[in-house]
Amino acid sequence: MNKNLKRRIRVKAHIRRRVFGTSERPRLTVFRSNAQIYAQVIDDRLGKTLASASSLAIKDKMTKSEKAAKVGEILAQKAKESGVTSVVFDRNGYLYHGRIKELADAARKGGLEF
């Protein structure tokens with residue numbers, strides 16, 4: 001395991017000690033790979049995913065940052081359809097920068113509060 005992955009796992013554990021999703025305010029968690037980005041809105045009390053979106057469904061030719069923003073918009077729309085307006089953001093150990101920030105900003109623009 002390389003040092004960057006070890007660091008992310010350590011930071012992720014630190015974040016998850018404090019961030020917990022409820023029915024009133026579920027957790028928006030993000031995972032990114034080298035090519036894709038995935039996001040879920042999760043109620044941790046019930047252990048249930050309320051809404052999810054990923055860049056796998058986007059077939060248009062665009063940059064990874066643009067795909068992340070599109071995923072944020074799609075997720076916000078799906079979350080609102082599920083009755084979710086306010087979430088707590090779990091960056092999953094990633095720096096709040098680049099694709100993670102693009103996704104969060106697009107979700108905010110789509111109507112989610114966090």
In Å², rounded to a whole number, the accessible area per residue of the chain with probe 1.4 Å is 61 Å²
Taking a straight Cα-to-Cα line shorter than 17 Å from Lys78, and setting aside same-chain lysines fewer than 8 residues away, one finds Lys48, Lys67, Lys70, Lys109
The rounded separation in angstrom of the Cα centers of segment 74-114 and segment 24-60 is 9 Å
Restricting to Cα pairs under 8 Å and 6 or more apart, the percent relative contact order of the chain works out to 30 percent
For the chain, the charge dipole (Cβ of Lys, Arg +1; Cβ of Asp, Glu -1; about the Cα centre) points to a positive end, and the Cα of Tyr96, Val41, Thr63 closest to that extreme belongs to Tyr96
For segment 19-114, one quarter of the surface area of the C-alpha convex hull, expressed in nm², comes to 5.5 nm²
Excluding ligands, DNA and RNA, the carbon-plus-sulfur percentage of the accessible area of the chain with a 1.4 Å probe reads 49 percent
Within the chain, the percent of DSSP beta bridges that are antiparallel, given to the nearest 5, stands at 75 percent
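The values are calculated or read from the model by the stated rules, or taken from the named source; none is laboratory data. Remember, it's a predicted structure, so these values are computed and weren't measured experimentally. Heads up, the Cβs are rebuilt from the backbone with ideal geometry, glycines too, and the neighbour counts pull from every protein chain shown. Side chains are part of the model used for accessible areas, which takes the heavy atoms of the whole protein and leaves out ligands, DNA and RNA. Shrake-Rupley method; radii C 1.70, N 1.55, O 1.52, S 1.80 Å.
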